[in-house]
Each structure stands twice: as C-alpha cells, then as structure tokens.
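Reviewing the structure listed below.
The values are calculated or read from the model by the stated rules, or taken from the named source; none is laboratory data. Keep in mind the model is a prediction, meaning the values are calculated, not measured. Cβ placement follows ideal geometry from the backbone for every residue including glycine, while neighbour counts extend to all protein chains displayed. Side chains are part of the model used for accessible areas, which takes the heavy atoms of the whole protein and leaves out ligands, DNA and RNA. Shrake-Rupley method; radii C 1.70, N 1.55, O 1.52, S 1.80 Å.
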Amino acid sequence: MAEIWTMGEMIVEIMREKENEPLDKAGVFRGPYPSGAPAIFIDTVARLGHKGGIIGGVGKDDFGKCLLDRLKSDGVDVSHVIENPKKATGCAIVTYFDDGSRKFIFHMGNTSEAKAPQKDVLDGVRYFHVMGCSLFADIEFAKEILKAAQTAKKIGAKVSFDPNIRKELIGEKETDKILENLMRLRNVFLPGEEELLLLTGKETVEEAVEECFKNPELEILALKQGSRGSKIYTKEKTVETGIYRIQPVDATGAGDSFDAAFICGLCEGKRIEEAAKMAAA
C-alpha cells in the first residue's frame with residue numbers, strides 16, 4: 001500500500017527549444033515531458049524509494065501514455081488514474097526568457113474526472129499531499145480533492161499542503177472556501193514567501209508564521225526561499241537550510257521535488273534539519 005498519496009492534475013509539458021521565443025510565432029518545440037505539480041511530486045517520492053500513489057485523469061492517447069509510462073517505470077501506483085478515450089490529456093505549452101521568467105498556455109484536457117477514493121484505498125497512508133494549483137482548474141474536482149484529504153485525515157494520515165497559487169487565482173467564493181478548509185486540515189505547510197503573506201493577509205513573514213501556528217493542527221511550516229534556501233518552523237524552533245549550488249538547467253518542478261523529499265525525510269523519521277537538507281538536494 002502507498003504511504004504517500006496525492007491527487008491533482010497530470011499534464012505534459014511542451015516547451016520552446018530556445019529562450020526568448022514567443023508563443024505566438026512559428027518555431028520549434030521540445031517535448032512532451034511528463035509534468036503537473038502533483039505528478040512531479042509523487043514521481044520524486046517514488047524515485048526516493050517510497051511507495052506513492054496518484055489520483056487523477058489522462059486521455060487515452062500518446063500524451064497520457066507518456067505520463068503513465070514514466071510514473072509506472074518509477075514505481076508510482078497509478079491504479080486510480082482514469083483514462084478517458086473521449087478526452088485529450090492536458091498539456092502546458094511554455095516558453096522561457098533569459099531573465100528566468102516563463103509564459104504558459106494551458107489546455108487542461110482530462111485532468112479533473114477523478115473522484116475521491118474510498119478509505120480502504122488509502123489504508124496505510126501516512127501523508128496526503130495537496131497542491132493548491134489543483135484546486136483552480138475545476139470546482140468539482142477541487143471538492144473531490146478536499147474530500148480525499150478529509151478521508152485521509154480521518155484514518156490517521158497527516159495532510160501536507162503546498163499552496164502553489166498566485167494572487168490572480170484568489171477570489172472565487174466556492175474555491176476560497178475549499179482553500180480555507182484545507183488550510184485548517186494541514187499538518188505540514190510548504191509555501192513560498194509571497195504565498196504565505198497572501199494567504200495570511202500579513203505584512204511580514206514573522207507575523208504570517210505566528211498566524212499560521214494559531215491552527216493547532218499545524219506542526220511544521222517549511223518556507224521555501226528559492227536561492228536563499230529554506231526556513232523550517234515548528235512551535236518550538238526554527239531551522240535555516242541553505243542550498244546546493246548548481247548550474248540551473250530548468251526550474252520546472254523544483255518546488256514540487258522539494259516537497260517530496262521533505263515529506264520522504266519525515267516518513268523516514270529524520271530530524272527536520274535532515275529532511276530540509278534532503279529537500280534542498
């Protein structure tokens with residue numbers, strides 16, 4: 001049985017071959033590459049030697065095969081991924097710019113048909129991980145993700161939550177309510193600084209962290225700071241972790257992989273300092 005589960009979008013990424021090529025002009029693309037924040041997260045979990053599973057949907061097409069082949073080959077449980085022959089697999093078309101920014105066109109396809117599983121599917125789960133971006137594609141799918149998280153929590157799992165959202169995604173009343181419910185459920189919170197301030201309505205990180213820990217369910221807040229490393233908070237202490245300097249090739253999925261390694265570290269019983277080093281690596 002999988003000890004770590006996630007539920008959310010599964011898409012392929014198709015990217016410009018070179019930087020600074022606009023998406024409205026003819027040119028060369030590379031891909032498809034298996035992608036989607038939840039899929040990247042759970043694939044990293046499996047590659048780190050842990051049993052993980054994903055609940056989601058793809059089309060019964062070559063892009064769906066691209067995703068499922070990768071996940072299966074790395075050991076992810078995909079038995080709860082729906083393959084729909086009448087819908088295409090979702091895709092993200094992206095171009096990169098030399099200042100590090102990106103521009104996307106999304107076609108979400110068959111990403112949101114999956115339903116929350118029965119609790120027997122989640123037997124043995126230790127962490128149920130939610131990506132905030134998965135809540136905004138389809139409101140009914142967001143409700144199912146919340147339901148799955150609630151089920152996991154009831155049977156003893158911890159809920160980890162990476163908000164992975166932007167200001168422009170906030171404001172839809174029904175989605176905001178789901179987001180609030182997930183914020184109450186979370187045991188592990190993995191935001192960036194902008195997201196932390198946005199979701200708490202505070203002006204400083206210190207105020208925002210204090211606000212988050214008013215929720216008695218929250219045990220760990222792992223603040224991702226990009227090239228400045230991370231800062232891990234608990235009710236008792238704060239730990240700062242740096243980065244391993246490398247020549248960046250593609251930043252896509254860096255935060256998702258951080259989440260996966262951090263949760264795997266916790267599953268292995270490591271101290272938060274060691275889990276943070278795993279995540280940085």
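Where residues in segment 22-43 are of a type outside the set (A, V, I, L, M, F, W, C) and under 20 Å from the mean Cα position of the chain (by Cα), which of them is most open to solvent (accessible area, probe 1.4 Å)? For segment 22-43, the residue satisfying everything is TYR33.
Only one of GLU211, GLU219 is over 28 Å from PRO248 (Cα atoms), touching a residue at least 60 places away in the same chain (Cβ under 8 Å) and charged (D, E, K, R). Can you tell me which?
On the way: GLU211 fails: touching a residue at least 60 places away in the same chain (Cβ under 8 Å).
Among GLU211, GLU219, only GLU219 is over 28 Å from PRO248 (Cα atoms), touching a residue at least 60 places away in the same chain (Cβ under 8 Å) and charged (D, E, K, R).
Each residue in segment 83-93 was checked for being over 19 Å from the mean Cα position of the chain (by Cα) and open to solvent by less than 70 Å² (accessible area, probe 1.4 Å), and 2 of them qualify.
Picking from GLU195, GLU207, GLU236, which residue would you name as being at pLDDT 95 or above, closer than 26 Å to GLU273 by Cα and out of contact with any strand residue (DSSP E or B) (no Cβ under 6 Å at 6 or more places or on another chain)? Steps first, please.
Numbers: GLU195 fails: at pLDDT 95 or above; GLU236 fails: at pLDDT 95 or above.
Selected residue: GLU207, the only one of GLU195, GLU207, GLU236 that is at pLDDT 95 or above, closer than 26 Å to GLU273 by Cα and out of contact with any strand residue (DSSP E or B) (no Cβ under 6 Å at 6 or more places or on another chain).
Within segment 240-268, residues that are under 11 Å from THR44 (Cα atoms) have Cβ atoms under 6 Å from residues that are assigned to a loop (DSSP other than H, G, I, E, B) and not polar (S, T, N, Q) in these pairs: ASP259/LEU190; CYS264/LEU48; CYS264/HIS50, counting only partners at least 6 apart in sequence or on another chain. Of the residues examined, GLU144 is one that is more than 21 Å from VAL205 (Cα to Cα) and at pLDDT 90 or above.
The residue list GLY100, GLY132 contains one member that is open to solvent by less than 30 Å² (accessible area, probe 1.4 Å), at pLDDT below 95 and closer than 18 Å to GLY253 by Cα, which is GLY132.
For segment 108-138, filtered to residues that are assigned to a strand (DSSP E or B) and within 22 Å of LYS65 (Cβ to Cβ), the residue that is farthest from the chain's Cα centre (by Cα) is GLY109.
Among the numbered conditions (1) under 15 Å from the mean Cα position of the chain (by Cα); (2) at pLDDT 95 or above, the only one that LYS158 does not meet is (1). Across segment 44-75, the number of residues qualifying as closer than 24 Å to GLY269 by Cβ, open to solvent by 10 Å² or more (accessible area, probe 1.4 Å) and either basic (Lys, Arg) or under 17 Å from the mean Cα position of the chain (by Cα) (or both) comes to 6. Tallying residues that are closer than 21 Å to CYS133 by Cβ and among the small types (Gly, Ala, Ser) within segment 37-84 yields 9. Inclusion of GLY124 among residues that are touching a strand residue (DSSP E or B) at 6+ places or on another chain (Cβ under 8 Å), at positive phi, open to solvent by 20 Å² or more (accessible area, probe 1.4 Å) and touching a residue at least 12 places away in the same chain (Cβ under 8 Å) is not warranted. Looking only at segment 106-113, decide whether some residue is of a type in the set (A, V, I, L, M) and in contact with an Asp or Glu (Cβ under 6 Å, 6 or more places away or on another chain). Within segment 106-113, none of the residues are of a type in the set (A, V, I, L, M) and in contact with an Asp or Glu (Cβ under 6 Å, 6 or more places away or on another chain). Scanning segment 11-25 for residues that are without any contact (Cβ under 8 Å) to a residue 12 or more places away in the chain and closer than 22 Å to MET108 by Cβ yields a single hit, ASP24.
Taking segment 1-107 and the strands (runs of 3 or more DSSP E) fully enclosed by it, the elements with 2 or more residues that are of a type in the set (Gly, Ala, Ser) and either touching a Phe, Trp or Tyr at 6+ places or on another chain (Cβ under 9 Å) or under 26 Å from LEU146 (Cα atoms) (or both) are at 52-59, 89-96.
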